[in-house]
1. I need the shape label for segment 108-147. Rule: rounded when a/c is under 1.5, else prolate if a/b > b/c, else oblate, with a, b, c from the alpha carbon gyration tensor.
2. Taking the beta-carbon count within 10 Å as an exposure proxy, list MET157, MET171, MET96 from fewest neighbours to most.
3. Translational diffusion coefficient of the chain at 20 °C, 1.002 mPa s, Stokes-Einstein with Kirkwood Rh over Cα pairs, in µm²/s as a whole number.
4. Please report the relative contact order for the chain, taking Cα pairs under 8 Å with a sequence separation of at least 6, and give it as a percent rounded to a whole number.
5. Hey, can you rank 98-110, 158-170, 28-40 by average C-beta count inside 10 Å, highest first?
6. Taking the Cβ of ALA7 as the centre, find all other residues whose Cβ is under 13 Å away and add up their charges (Lys, Arg: +1; Asp, Glu: -1).
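Each value in this text was obtained by applying a stated rule to the coordinates, not by laboratory testing. Please read these numbers as outputs of a predicted model, since none were measured by experiment. All Cβ positions, even for glycine, are placed from backbone atoms using ideal geometry, and neighbour counts span all protein chains on display.
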Amino acid sequence: MAILKIAKMGHPVLKRRAEEVADPRAPEVARLIGHMNDTLNDAGGVGLAAPQVHVPWRVVLYEVPPERDSAEDGLAQGLPRSALINPVLEPLADDMEDGWEGCLSVPGLQGLVPRYTSIRYSGMDAEGQSVAGEAHGFHARVLQHECDHLDGVLYPMRMTDLSQLHFVTEMRHYTNEPPDPAAEPDDG
Ligand code: NI
């Protein structure tokens, strides 16, 4: 077990394009995914990208907690934590939706971020098998957030209204937003 240090906004590793993983079945990739799992368990959150632990490889971990489920997601019980290696995303339609996001590399803040509501994803799983599918709602959001990390993009760079960038503590004290606890962002 290894808990890795998380890079914060401003670190060069979060600004560069991460590299394709040449051999997704290589032992060092499995080792990295194991360490990322431990790190995410320790930090708490719904996703983590390799650059966030200072490794510039195209690897992300993500999950959909059951409380994030919606009919729109098409998921009954959420989605267990999954790894995606060399992921490729494409929007299925132009529709976008605002939602609150947080990020382990931008601690203490949350912001309202527009994301595509439906995407197609492909890549390889932790066993090196090809995977592909469609993602909607929160599932689509967390994938877009994590895969942005592989291209040097943090969620504030996707925001269209920076007046909606808040310290979580102030949000809790001074507003009713997000209105229900399930809508509070999990870090990714
Ligand atoms: Ni993040």
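1. Details: a/c = 3.86, a/b = 1.79, b/c = 2.16.
In terms of gyration-tensor shape, oblate.
2. Details: MET157 10, MET171 17, MET96 14.
Going from sparsest to densest Cβ surroundings: MET157, MET96, MET171.
3. Details: Rh = 16.6 Å.
D = 129 µm²/s.
4. Details: 398 pairs, mean separation 47.4, N = 188.
Dividing the mean separation by the residue count of the chain yields 25 percent.
5. On the way: 98-110: 20.2, 158-170: 12.9, 28-40: 17.8.
For the peptides 98-110, 158-170, 28-40, the packing ranking is 98-110, 28-40, 158-170.
6. Details: positive: LYS5, LYS8, LYS15, ARG16; negative: none.
Spelling it out: positives minus negatives among the neighbours equals +4.
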